[in-house]
Amino acid sequence: MNKTAFVASLILLSCAVSFSAAHADGHLSGMEKGTIELQSIGPIGFGPEGILFIADPKASTVYALQTGGAHAGSASKASTPHTVKEVDKKIAAMLGVDAKELIIHDFAVDPMSGAAYLSVSRGRGPDAAAVLIRRSASGELAPVGLEDVAFAKATLWATPDKDRRGRDVRQDAITELAYVDGSIVVAGLSNQEFSSRLRVLDYPFTAENRETGLEIYHTAHGQWETHSPVRTFTPFMDGKEPYILAAHTCTPLVRIPVSEIVSEKQKIIGSTIAELGNRNRPLDMLIYEKDGEEFLLITNSSRGVMKLALAPMPKQPALTEEVEDTAGADIIQIAALDGALQIEAWGENGAVVLRKNEGGTIDLAHVALP
Amino acid sequence: MSRLARVGSTVLVLAACIGWVCGPADAAPASDAPSIVFVSQDDAQVIAIRDLPESLLRALENKNPSQSEWQKLYPVRAVPMDDEPFDDQPNVLGRYAVRDGAVVFAPTYPISSRVVYRVEFRPAWIGGEGELIRAKLILIPAKASSPTQVARAYPSSKTVPANLLKFYIEFTQPMSRGVGYEYVRLERSDGSIVIDPFPEIGVELWDAHQQRFTVLLDPGRIKRGLKINEEMGLALVPGGAYRLVVDEAWPDAEGNPLAKGFEMAFKVTEPDHNSPNPETWRVDIPKAGSHDPLTIRFPETMDSALSERLIWLVDAEANEVAGRVTFEKGETRWLMTPEAAWRAGAYVLRIHPRLEDLAGNQIRRPFEIDVSEAAVEAVDSVVDVAVVIR
């Protein structure tokens with residue numbers, strides 16, 4: 001063939017190749033190689049294909065890090081669960097500080113590789129180094145290098161509250177982050193207004209991150225509607241419908257359909273499914289199935305883990321109707337899990353917990369689900 | 001400071017100053033006695049073992065140990081003061097190198113002045129000659145830290161409503177994060193302590209410098225109709241007198257306690273369920289050519305942080321006027337002192353609808369809405385107040 005046709009066919013061929021390459025890893029495309037420079041670190045959570053989402057609250061940014069777990073193979077069924085006594089002391093020792101100077105923010109287990117990740121701050125001052133620690137399935141504990149990694153990022157609440165003339169800006173503490181059905185839901189709590197925002201980001205991140213900055217309210221006795229900060233939430237499926245169960249700084253546990261979160265609504269009323277009572281300070285939640293029934297475990301900052309059955313679910317009530325306090329929810333205290341702060345599923349009937357021990361330090365332990 | 005002995009004994013070496021190379025001060029070391037010291041390198045502190053035999057240094061360079069070999073040869077562990085290393089304590093993370101005639105350990109994270117570094121060097125690990133040497137190093141910063149204290153707390157008004165939502169505590173320097181709830185309490189005038197007035201929400205609420213701490217009062221106890229309110233009642237009872245107390249033991253970012261504790265006394269009035277209304281505010285307009293503040297007088301105390309951020313002044317070209325905001329009279333006065341003298345003209349005072357009073361009632365909606373009543377007309381956009389300066 002003549003030269004022009006040859007060149008043309010080469011161009012066509014290379015286009016065809018790059019087109020298919022871009023579509024090869026659905027979730028991993030859109031990532032670039034570079035260095036993640038964390039200003040701070042907070043909640044973390046896994047998405048599909050070994051992607052770890054990391055919140056940097058000071059930078060109002062969420063990172064999506066390719067951890068390579070997808071390629072490590074599914075080791076979690078074969079490997080031993082994570083059991084490390086005084087994991088806080090060990091991490092602090094590696095980072096060269098007293099364990100009292102280490103803050104463990106969050107904990108996540110990669111369902112693909114079985115590796116456990118912890119987000120920590122080395123130090124309690126404003127310039128504390130933010131570190132992501134990994135314990136591999138084979139037991140090696142080390143910081144995760146964030147230089148020359150494949151990642152993507154998105155900015156949260158990049159709107160009028162920021163930066164007018166360098167004056168003090170609203171600083172949101174991020175309390176929870178989770179991947180739910182193609183979106184990342186992030187809960188933040190303002191240090192000024194008594195409000196929290198539930199931000200939803202599409203994942204893969206799009207050029208215009210759809211930020212549904214909605215407010216969550218809850219009702220009590222069908223009468224008082226107030227703004228209600230979400231402290232922690234967990235996704236779950238009711239049949240084919242995705243929901244989140246959210247626990248607040250005030251006590252009721254509410255459920256919210258994800259379809260409402262991603263709609264254009266500015267305001268959502270969560271429907272109360274349980275009143276958790278006094279002194280409850282929820283930290284983390286886990287939904288699991290046992291003997292065909294679904295249960296929820298809630299860990300608490302003041303000791304004690306609660307278990308409640310999720311079925312039957314109450315129907316969404318009209319605002320003016322009475323909401324029963326304990327609709328379908330018998331709350332059982334699980335003494336065996338006392339001290340658990342964070343909990344992640346592990347294997348068929350187990351979980352790995354981050355737990356405060358008698359000496360006041362923190363263990364990683366494997367427990368059976370009650 | 002003691003002389004560095006050679007064989008096997010543990011010696012407290014020295015407290016080093018940043019930027020200096022230090023050695024035992026009171027004796028010239030024997031020329032073949034190695035020393036373990038802090039050294040400043042590339043703007044960071046590293047640990048260096050100096051005066052090792054040349055042959056050993058060359059053997060190390062030739063061998064080029066792996067990281068795990070280095071960690072056996074030259075372990076460095078960080079131990080809190082008055083503590084011993086625990087079983088299987090991992091080494092401090094860092095990189096090893098032979099550099100400038102010394103064997104250097106550069107930690108991944110900066111040397112902390114709050115731990116003791118237990119360093120050992122075991123030439124036998126690579127078949128080198130020389131005995132095991134050990135040292136304990138502590139870094140003392142050259143600059144002594146100045147004491148931190150509470151600068152002020154808000155609201156500073158003599159009375160607050162029973163459904164007060166938060167306090168702000170401002171410190172003179174950055175503080176330690178994650179321990180705050182142990183050091184703040186509410187006391188009644190008789191000295192008794194209010195139980196659990198502040199919900200432990202797990203994350204602390206600080207500004208970016210960790211100098212302003214936001215303490216939320218438990219909204220569950222405030223909100224009507226919630227179980228916890230019915231069972232435990234209001235933390236602040238109308239008619240009562242209370243103190244917000246900050247314990248001096250609260251460590252600052254350097255780990256030092258406050259220079260002194262702090263108390264703020266106040267009385268409690270009935271709960272406030274009304275949204276603030278800018279129509280009830282008065283504005284004192286300064287004269288053109290002056291630097292006098294523009295003052296807003298509120299009929300009630302407003303939230304300080306939000307008033308600072310959510311009220312602003314723009315000129316006729318919609319440019320924000322540069323200036324400094326201060327408060328007076330228990331945050332019932334908002335004063336904006338301009339950077340440049342006022343120019344005559346039309347201005348607009350802009351008020352964001354999310355501005356709150358002490359009970360969390362926003363301009364656009366009160367904190368609690370009774371949905372059994374008629375729908376509240378919400379003000380959802382910025383409120384503009386025209387101001388003319390002559």
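Quick note: the coordinates plus some simple rules give every number you see, no bench work behind them. Computed from a predicted model, the values in this text were never measured in an experiment. For neighbour counting, all protein chains shown are included, and Cβ atoms are generated from backbone atoms with ideal geometry for every residue, glycine included.
Note on B:I285 and B:R297: the extension gain reaches 3.2 nm, defined as 0.36 nm multiplied by sequence separation minus the Cα-Cα distance. Looking at region B:150-269, what % of the alpha carbon pairs are farther apart than 27 Å? Pairs farther apart than 27 Å: 16 percent. Put simply, region B:85-227 fits an ellipsoid with semi-axes of 51, 18, 14 Å; these come from the alpha carbon gyration tensor as the roots of five times its eigenvalues, largest first. Scanning residues 5 or more positions from B:V76 or on other chains, those with amide H under 5 Å from its amide H are B:V92, with H placed 1.01 Å from N in the peptide plane. Taking square-rooted eigenvalues a ≥ b ≥ c of the alpha carbon gyration tensor, is region A:33-155 rounded, prolate or oblate, where a/c under 1.5 means rounded and, failing that, a/b exceeding b/c means prolate? Here region A:33-155 falls in the oblate category. For region A:84-131 and region B:338-362, what is the separation of their Cα centres, given in Å? A separation of 43 Å, based on Cα centres.
Identify the residues of region B:326-347 with backbone N under 15 Å of a label point that sits 7 angstrom from the Cα of B:T269 along the Cα-to-Cβ direction, or state none. Only B:329-333 fall inside the zone, counting backbone N under 15 Å. The calculated FRET efficiency for the pair A:E140 and B:R185, based on their C-beta separation and a Förster distance of 45 Å, comes to about 0.55. Whose amide H sits under 5 Å from the amide H of A:K290, counting only residues 5 or more places off or on another chain, with H placed in the peptide plane? HN-HN under 5 Å from A:K290: A:F295. In sequence order, region B:328-339 has phi-based couplings of 9, 6, x, 6, 9, 10, 10, 10, 10, 9, x, 5 Hz under the Karplus curve 6.51 cos²θ - 1.76 cosθ + 1.60, θ = phi - 60°, and Gly or Pro positions carry x. Think of region B:321-369 as a dipole: +1 on every Lys or Arg Cβ, -1 on every Asp or Glu Cβ, centred on the Cα centre; then among B:G323, B:W334, B:P366, B:G323 lies furthest on the positive end.
The trypsin sites (Lys or Arg not before Pro) of region B:276-332 that DSSP puts in a loop, and whose beta carbon has at most 16 other beta carbons within 10 Å, are B:K287, B:K329. Taken one residue at a time, the phi angles of region B:118-133 give Karplus couplings (6.51, -1.76, 1.60, θ = phi - 60°) of 9, 10, 10, 9, 10, x, 4, 4, 10, x, x, 8, x, 8, 5, 10 Hz. Gly and Pro are set to x. Between A:D148 and B:T159, the FRET efficiency estimated from the beta carbon spacing at R0 = 60 angstrom works out to 0.55. Packing here is the average count of other Cβ atoms within 10 Å per residue, and on that basis the peptides A:136-142, A:184-190, A:344-350, A:121-127, highest first, run A:184-190, A:121-127, A:344-350, A:136-142.
Amide H contacts of A:H105 (H built 1.01 Å from N, in plane; Pro and chain starts excluded): A:S119, A:V120, A:S121 sit under 5 Å, all sequence-distant by 5 or more or on other chains.
Look at the stretch B:167-178: the mean tally of other chain Cβ atoms within 10 Å of its residues' Cβ atoms is 3.
Comparing region B:278-389 with the 2.2 N^0.38 Å rule of thumb, its C-alpha radius of gyration ratio is 1.14 (two decimals). Taken over region B:61-139, the convex hull of the Cα atoms encloses 106 Å³ per residue.
Between B:S113 and A:A59, the modelled labels are 2.9 nm apart [label points 7 Å from Cα along Cα→Cβ].
Per residue of A:87-97, what is the mean number of Cβ atoms on other protein chains within 10 angstrom of that residue's Cβ?
Details: counts 0, 0, 4, 4, 1, 5, 13, 10, 8, 16, 8.
What the average comes to for A:87-97 is 6.
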